[in-house]
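One structure is given below, encoded as structure tokens.
The values are calculated or read from the model by the stated rules, or taken from the named source; none is laboratory data. Note that the structure is a prediction, hence the values are computed from the model and not measured. Heads up, the Cβs are rebuilt from the backbone with ideal geometry, glycines too, and the neighbour counts pull from every protein chain shown.
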Amino acid sequence: MVEAALTLPLVVFLLLGTLQLFLMLQARVLAHYAAFQATRAGSIAHGECERMTHAAILALIPSFHSFLGLSSATDEVRHGGGGGAPARLAAAFAARRDNRYRGGLDGVHTGSIVWINRALVGGGIDGPQDRAFDDPGHLRRLEVQMVYWYPMRIPFANWVMSRMFMAQAGIEDYTAANPLMPAEANANWNQGEFTSPIQLASDVRAELAARVARQQYVFPIETSFTMRMLTPAKRRHFATMDCPR
């Protein structure tokens, strides 16, 4: 019984942590696909942020919401979804089209789903519309950097992994009781304990710390994609290079 009490927390974390890591790997694959979809939507829609954001959310929904499972019934009732996969996906998207997680539907998560930052390679837009966008020597590219705030949903593993990520990024150390080895010494999770600290932008670090303080355990997955503009960029879509968060 003593040996079980000493090793059970670590065994439970290994099982739940492995499951959480595989889900994060799936989320990273979908994040790459979402960045491509967002870039393509901007390329064919004059750089419109709303279409880019919607394309990314549609690609990411399977990584945080089982819209084909029983949990999607609430979405369908609230948003008029019928039977079949397309209708259920549309209902799940309708609840999150404003780029926000829904408390209750998505556990405790309520923040932005994605952050999209853009850049136009090839110079600024001279007029209301870049009519010479496809002339030889004037080909314009749309570069997109996306942050997916992936919600970790596996109990216990989400809290432990979030604390470790925070320490590795140098945001917040954790020196209280070690949840993996409660009978041993306190944890010593700080940036100096990791050989390869996580490098995050200042706004991402601040957002991560704020969400963890609200007990919303997330992991920021950063990815990017570049594509040639297939429609002329319109100045009104590029008043700011960052899409609304």
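Among all positions in the stretch 165-185, there is at least one residue which is assigned to a strand (DSSP E or B), of a type in the set (A, V, I, L, M, F, W, C) and free of Cβ contacts under 8 Å to residues at least 40 places away in the same chain. Pairs are defined by a Cβ separation below 9 Å, a sequence spacing of at least 6 or placement on different chains, a first member in the stretch 1-26 that is touching a residue at least 12 places away in the same chain (Cβ under 8 Å) and within 15 Å of MET152 (Cα to Cα), and a second member that is surrounded by fewer than 13 Cβ atoms within 10 Å (Cβ to Cβ) and of a type outside the set (A, V, I, L, M); the pairs so defined are LEU16/PRO155.
Pairs meeting the criteria (first residue in the stretch 113-136 and farther than 29 Å from ALA31 by Cβ, second residue at pLDDT below 85 and part of a loop (DSSP other than H, G, I, E, B), beta carbons under 7 Å, at least 6 apart or on different chains) are ALA132/HIS138.
Determine whether the stretch 196-203 contains at least one residue that is of a type in the set (S, T, N, Q), outside any loop (DSSP other than H, G, I, E, B) and surrounded by 12 or more Cβ atoms within 10 Å (Cβ to Cβ). Within the stretch 196-203, not a single residue is of a type in the set (S, T, N, Q), outside any loop (DSSP other than H, G, I, E, B) and surrounded by 12 or more Cβ atoms within 10 Å (Cβ to Cβ). Apart from one condition, GLN191 fits all of (1) in contact with a Pro (Cβ under 8 Å, 6 or more places away or on another chain); (2) surrounded by 18 or more Cβ atoms within 10 Å (Cβ to Cβ); (3) over 16 Å from MET24 (Cβ atoms); the exception is (2). Selection of the stretch 38-62 for residues being crowded, with 21+ Cβ neighbours inside 10 Å, within 17 Å of the chain's Cα centre (by Cα) and not aliphatic (A, V, I, L, M) yields THR39, CYS49, THR53.
Can you pull out every residue in the stretch 27-45 that is within 23 Å of PHE219 (Cα to Cα), touching a residue at least 12 places away in the same chain (Cβ under 8 Å) and not small (Gly, Ala, Ser)? Scanning the stretch 27-45 gives ARG28, LEU30, HIS32, TYR33, PHE36, GLN37, THR39. Cβ-Cβ contacts under 7 Å between residues 6 or more apart (or on different chains), taken from a first residue in the stretch 203-219 that is closer than 17 Å to VAL114 by Cβ to a second residue that is of a type in the set (Lys, Arg), are listed as VAL218/ARG211. For the condition at pLDDT 95 or above and either over 21 Å from the mean Cα position of the chain (by Cα) or surrounded by 18 or more Cβ atoms within 10 Å (Cβ to Cβ) (or both), HIS65 does not qualify. Considering the stretch 18-54, the residues that are in a helix (DSSP H, G or I) and small (Gly, Ala, Ser) include one that is farthest from ASN117 (Cα to Cα), namely ALA27.
The condition of being surrounded by 16 or more Cβ atoms within 10 Å (Cβ to Cβ) and either modelled with pLDDT of 90 or more or not small (Gly, Ala, Ser) (or both) holds for MET166.
Set side by side, the residues VAL144, VAL121 differ, and just one is surrounded by 16 or more Cβ atoms within 10 Å (Cβ to Cβ) and closer than 30 Å to HIS46 by Cβ, which is VAL144. Against the test of being part of a loop (DSSP other than H, G, I, E, B) and under 17 Å from ILE221 (Cβ atoms), the options HIS138, HIS109 yield a single qualifying residue, HIS109.
In the set ALA27, ALA38, ALA59, which member is of a type in the set (A, V, I, L, M) and over 29 Å from ARG163 (Cα atoms)? Being of a type in the set (A, V, I, L, M) and over 29 Å from ARG163 (Cα atoms) holds for just one of ALA27, ALA38, ALA59, which is ALA38.
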